[in-house]
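Here is the structure we will look at, set down as structure tokens.
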Amino acid sequence: MQIQTIAAETVFAPIPWTKVALEDGFIICKESGFSRVEDLTELTPPLENPHFWKEVRQLYFAFEQKDWQKIRLFYQTNGPLGLENPRAPDGTILDNHPPNRERISTCKRFLNWFRILTLMVKWAKTRNTAPLWDLFGPPRKSKDILTLSILFAEEWPWPAIWYTPSLDINWDTPINRDELAWISPQNDEQLIRAAWMAVVGAVTEMLRFTPLLPMTVSEDPFVITWGFQCNGAFFAAFLQWFFQEIAYINVSTCQADGCNNLVIPPRDKYCSDRCKERMKKRRYRQRKKGDLKWPDG
Ligand SMILES: [Zn+2]
């Protein structure tokens with residue numbers, strides 16, 4: 001059985017930080033919420049903007065350039081990133097500090113992680129191997145797995161991007177334990193595969209922070225919709241990107257007769273070349289049949 005649609009949505013109700021201060025390496029909330037009730041209803045949820053994740057990715061450069069004006073405006077519109085007390089995937093609190101503030105260096109690090117991750121997907125999809133080679137380094141061997149596997153890690157072990165290199169083994173000769181070494185991608189194919197595996201690993205770990213909760217229950221018909229609860233703009237952007245670029249939802253199904261496979265962008269009508277060709281042949285045959293019936297037009 002194939003699951004055709006996922007009845008889940010990304011839920012993000014930002015609470016703007018209307019007054020923010022920048023002190024001692026922190027972005028501090030001095031006042032939050034909506035000043036007028038109307039603002040609540042007039043508010044356009046950021047996720048209705050399909051490019052929200054790109055705005056969040058760009059925010060990295062505002063941190064990089066210390067563009068506090070831009071950062072302040074972002075917090076006033078979208079609330080905090082959700083990195084008040086960042087945790088590692090195993091649940092360990094990475095940074096314990098008073099509430100209602102986000103550490104600037106933490107924000108910058110998570111945003112850079114997101115920037116690199118989203119770029120890796122873009123490069124892998126377009127087979128743009130040059131920047132991927134820059135990231136992975138030239139083909140090489142090492143006895144130390146960490147020197148090969150870590151692609152991104154700043155300061156703390158999390159967030160990180162890494163892959164598992166292969167063992168350099170020649171099965172035709174006896175294995176000499178002393179000579180065993182790890183090997184990085186050796187060609188474009190291996191590089192793109194390693195990039196995808198690194199993306200999957202990083203995405204899996206970040207998804208742990210987004211609980212899936214029942215959102216609405218309607219009685220007739222009885223339907224429960226589920227929502228991924230995003231705690232902050234960073235996680236909202238991450239999930240929006242995830243569903244746009246990694247796990248496609250709300251995509252159409254194949255228009256070929258008898259096929260219900262999902263049509264993954266950039267394809268728009270048929271799920272595969274096989275279905276496309278099949279329907280092309282069918283149309284051709286139908287035209288031919290038509291020609292035989294009315295030979296004189
Ligand atoms: Zn198909």
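What follows is calculated from the coordinates using simple rules that are stated; it is not laboratory data. What you see is a predicted model, and the numbers here were worked out from it, not measured in a lab. Positions of Cβ are generated from backbone atoms using ideal geometry, with glycine treated the same way; all protein chains shown enter the neighbour counts.
With a sphere of radius 11 Å drawn around the Cβ of residue 147, what net charge do the other residues whose Cβ falls strictly inside it have (Lys, Arg +1; Asp, Glu -1)? Each step should come with its number before you reach the end.
Values: positive: 140, 141, 143; negative: 144.
Net charge around residue 147: +2.
With an 8 Å Cα cut-off and a minimum separation of 6 or more residues, compute the relative contact order for the chain in percent. Show your work: numbers first, answer last.
Working: 405 pairs, mean separation 61.0, N = 297.
Across the chain, relative contact order equals 21 percent.
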- Tell me, what HN-Hα J-couplings in whole Hz come from the Karplus equation 6.51 cos²θ - 1.76 cosθ + 1.60 at θ = phi - 60° for each residue of the range 80-87, using x for Gly and Pro? x, 6, x, 10, 4, 10, x, 10
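Which helices of the chain meet both criteria: a Cα extent of 20 Å or more along the helical axis and a mean Kyte-Doolittle score no lower than -1.0, with helices taken as whole DSSP H segments? Mind dumping the intermediate values first?
On the way: long enough: 104-126 (33 Å, 0.33); 188-207 (28 Å, 0.76); 273-293 (30 Å, -2.76).
Flagged H segments are 104-126, 188-207.
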- Over all distinct Cα pairs, what is the inverse of the mean 1/r for the range 149-274, reported as the Kirkwood hydrodynamic radius in Å? 18.9 Å
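Using the beta-carbon distance between residue 280 and residue 189 and R0 = 45 Å, what value does 1/(1 + (r/R0)^6) give for FRET efficiency, to the nearest 0.05?
Numbers: r = 30 Å, r/R0 = 0.66.
That pair, residue 280 with residue 189, gives E of 0.90.
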- Message: Check which residues have an amide H placed less than 5 Å from residue 151's amide H, if you skip close sequence neighbours.
- Response: 161, 162, 163
- Task: State, to one decimal in nm, how far the label point of residue 216 lies from the label point of residue 130, with both points 7 Å from Cα in the Cβ direction.
- Result: 4.8 nm
- Among the Cys residues of the chain, which have no other cysteine Cβ under 4.7 angstrom away? 29, 107, 230, 275
- Note on the structure: For residue 171 and residue 226, extending 7 Å from Cα along the Cα-Cβ vector and measuring point to point gives, in nm, a value of 3.9 nm
- Item | Computed lengthening from residue 97 to residue 49, 0.36 nm per intervening residue step minus Cα-Cα distance | 14.0 nm
- Return the long-range amide H neighbours of residue 227 (sequence gap of 5 or more, or a different chain), with a cut-off of under 5 Å between placed amide H atoms. 9, 213, 215
- By a straight-distance test (C-alpha under 30 Å), which lysines pair with residue 281 as possible cross-link partners, with residues fewer than eight away in the same chain excluded? 125, 269, 289, 293
- Given 5 Å bins starting at zero, what is the percent of C-alpha pairs of the chain in each, up to the one with the largest pair distance? 1, 4, 9, 11, 13, 13, 12, 10, 8, 6, 5, 3, 2, 1, 1, 0, 0, 0
- Note on the structure: About its Cα centre, the range 8-246 carries a charge dipole, from +1 on Lys and Arg Cβ atoms and -1 on Asp and Glu Cβ atoms, whose size in debye to the nearest 20 is 520 debye
